[in-house]
1. Could you tell me which of the residues B:I164, B:I179, B:I134, B:I189 is of a type outside the set (G, A, S), modelled with pLDDT under 95 and surrounded by 14 or more Cβ atoms within 10 Å (Cβ to Cβ)?
2. Could you list, in sequence order, the residues of segment B:78-97 that are within 16 Å of A:T36 (Cβ to Cβ) and within 16 Å of the ligand (Cβ to nearest atom)?
3. Would you say A:K302 is open to solvent by 70 Å² or more (accessible area, probe 1.4 Å) and in the same structural domain as A:D7 (by TED's automatic domain parsing)?
4. What tally of residues in segment A:122-142 results from selecting those that are within 12 Å of the ligand (Cβ to nearest atom) and within 11 Å of the chain's Cα centre (by Cα)?
5. Across segment A:410-424, what is the number of residues that are open to solvent by less than 10 Å² (accessible area, probe 1.4 Å) and either touching a Lys or Arg at 6+ places or on another chain (Cβ under 6 Å) or near the ligand (Cβ under 10 Å from one of its atoms) (or both)?
6. Quick check on B:S59: is it within 13 Å of chain A (Cβ to nearest Cβ), surrounded by fewer than 21 Cβ atoms within 10 Å (Cβ to Cβ) and either among the polar types (S, T, N, Q) or at positive phi (or both)?
7. Test A:K315 against the criterion of being more than 30 Å from A:N369 (Cβ to Cβ), assigned by TED's automatic domain parsing to the domain that holds A:D62 and among the charged types (D, E, K, R), and give yes or no.
8. Looking only at segment B:72-82, which residues are small (G, A, S) and either over 15 Å from A:S194 (Cα atoms) or more than 7 Å from every other protein chain (Cβ to nearest Cβ) (or both)?
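The values are calculated or read from the model by the stated rules, or taken from the named source; none is laboratory data. Only a predicted model underlies this, so the values are computations on that prediction, with no experimental measurement involved. No Cβ is skipped: glycine too gets one built from the backbone with ideal geometry, and neighbour counts run over all protein chains shown. All accessible areas refer to the heavy atoms of the entire protein, side chains included, with ligands and DNA or RNA removed. Shrake-Rupley method; radii C 1.70, N 1.55, O 1.52, S 1.80 Å.
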Amino acid sequence: MSKTLFDKVWDSHVVKSVKGGPDVFFIDRHFIHEVTSPVAFLGLKSRGLSVMYPERTFATADHNTPTINQHLPVEDPLSANQLKTLEENSKLHGISHWGLGHENNGIVHVVGPEHGITLPGATIVCGDSHTSTHGAFGAIAFGIGTSEVEMVLSTQCIMQPKPKKMRINVNGHLGNGVTPKDVALYIIAKLTTSGATGYFVEYAGDVFENMTMEGRMTVCNLSIEMGARGGMIAPDQKTYNYLEGRSQTPKGDAWDTALAYWKTLKTDDDAQFDKELTFVASDIEPMITYGTNPGMGIGISKSIPLSEALVGGEKTTYKKSLDYMGYHENEPMIGKQVDFVFVGSCTNGRIEDFRDFASIIKGKQKAENVTAWLVPGSHIVEAQIKEEGILDIITEAGFALRQPGCSACLAMNDDKVPAGKYAVSTSNRNFEGRQGPGSRTLLASPLVAAAAAVTGVVTDPRDLL
Amino acid sequence: MAYDKFNILKSTAVPLPLENVDTDQIIPARFLKATERKGFGDNLFRDWRYNSDDTPKESFVLNNSIYGGKILVGGRNFGSGSSREHAAWAVYDYGFRCVVSSFFADIFRNNCLNIGVLPVQVSAEFSEQIFNAIYDDPNTELEINLPEQTISISSTRASETFEINSYKKENLTNGFDDIDYLQNIKGEIETFAKDLII
Ligand code: SF4
């Protein structure tokens, strides 16, 4: 029977199906971090269980780490305690641990691919919803809750009903200044934040084929924001080139065996999807959000939509959202106030994002009214920024580079946007208070963030390219 | 973690008719620094419930003594966003045993089922009826009958069935969780893992 890419990977990981219930689903790779793992380890302890395959779990500290002075002890006692707990739990159970200060440390969804832990055809989970990032390699990757973290630790399996399948095609050529982030925000705006709930998405079409691995990661990362459990892209030569030789990828004969298998991982011509959508690349312009969920995005040259067509709860929710942002219907986004700029996160904290940022700010100066946090996704990205001379461009323009971590993406550390202030952020969520209590977030690409950082207001990056 | 068995729940309910209530609102990230599962109920809907000086916001439904009970009725797309199980813990620890909505985000629904909170998905029309009934009379009780898979409104006698797979239903009625099940098939998992390429 014809199968989709998703079917092939899913079906090969089902240990057994429970009658009238979910599949027992085997997990190849499990990432853990300091925030969602401690209670899972406590659970193991109270049940007297051990970790079944410690070599399949990888720990990194990222959510709750400072982005300056990482060589000093962490000041906040609660954060310090979480970091210590992760270290101790990893040590106790023989799990690889890249803690704060370790040369491989960084955001979990950045370091996994960097080291080739992420592989095509693998099943990957982590107690973080943006685990969907790893789908860029043709893996089935999705976020899980802490009870499930405990299941994976103790049995390497979780209980999951198989999701429905959706294919999203984008064909044609992207315009100047239009990045993978814009493609994703465009799709989410079309589907809304619940449009893909219950589905696992495959992205197809020449836009994704022509995208770099980093761009594919940005797109898959944002799958969760349309409600999908995850998104994936069929592996191709670009995928293999990216992976070959990385520290944790298979070597020698094992590489050849794996490669032969990976080449079978594509959707069969006549395979069926439960839903299929197609968009045209040239319709997409640089995007920005104006509301309090990632589906509230528009082309940067457009005005905030009217609420006329909305009814009942939808209308109340829309108005509440605009009130929170301090915006009104029909206002243009260009020229809006910006106080903070955040470049980073597992969505846009990789080297290509910093290259994009540098391409706009080069030779210009940071706007005086803007506080900018430039946070690399990992130490490796940080090193690339230095090697490629991007740090010089950043410094000359009056910016400073911080140290890796999740930072203002969820503002668990000190990188909090103050109440009422506006931040143009390359991260993934503009929920109320996400970047600090009362903070107001405008999601956008690194190019849009750069344009705001040097002009001090929302600006179309195409005017500066 | 063991939780209370779920069978028939009859209770008044708290209405929260907003759409897209995300997990960052249910429990903001700054309360995720604990290493134990304790006290999350105190910070449920923290920033909607309290002013920045920690005084309660009068207008928020959890601060309105007219409404109470073990059932939370939310708007469409409830629980979107982060995978933090802390959101489900906060709901449970506050005292809710059931969340009703016309549409749930996937991970939140899963997390609820794993810790003994029953997510009941109803039709948009029935959701309207529930909100109206509660606003007409805050003492209106809802009855959630898990064995029969029905939800009914006591004041209007309106009723609807809801979906749940038989495996999860059995777990909830017995207070079991998935780990209990998985522990029993470890041998099968081991055999399966032997043939994997990566
Ligand atoms: S950067 Fe943000 S979304 Fe990504 S792992 Fe960290 S907290 Fe989660």
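1. B:I179
2. Answer for segment B:78-97, where residues must be within 16 Å of A:T36 (Cβ to Cβ) and within 16 Å of the ligand (Cβ to nearest atom): B:G81, B:S82, B:S83, B:R84, B:E85, B:H86, B:A87.
3. Taking the combined requirement at face value, the residue does not satisfy it.
4. Of the residues in that region, 7 qualify.
5. Residues flagged as open to solvent by less than 10 Å² (accessible area, probe 1.4 Å) and either touching a Lys or Arg at 6+ places or on another chain (Cβ under 6 Å) or near the ligand (Cβ under 10 Å from one of its atoms) (or both) within segment A:410-424 amount to 2.
6. Answer is yes for this residue.
7. The answer is no for A:K315.
8. Scanning segment B:72-82 gives B:G74, B:G79.
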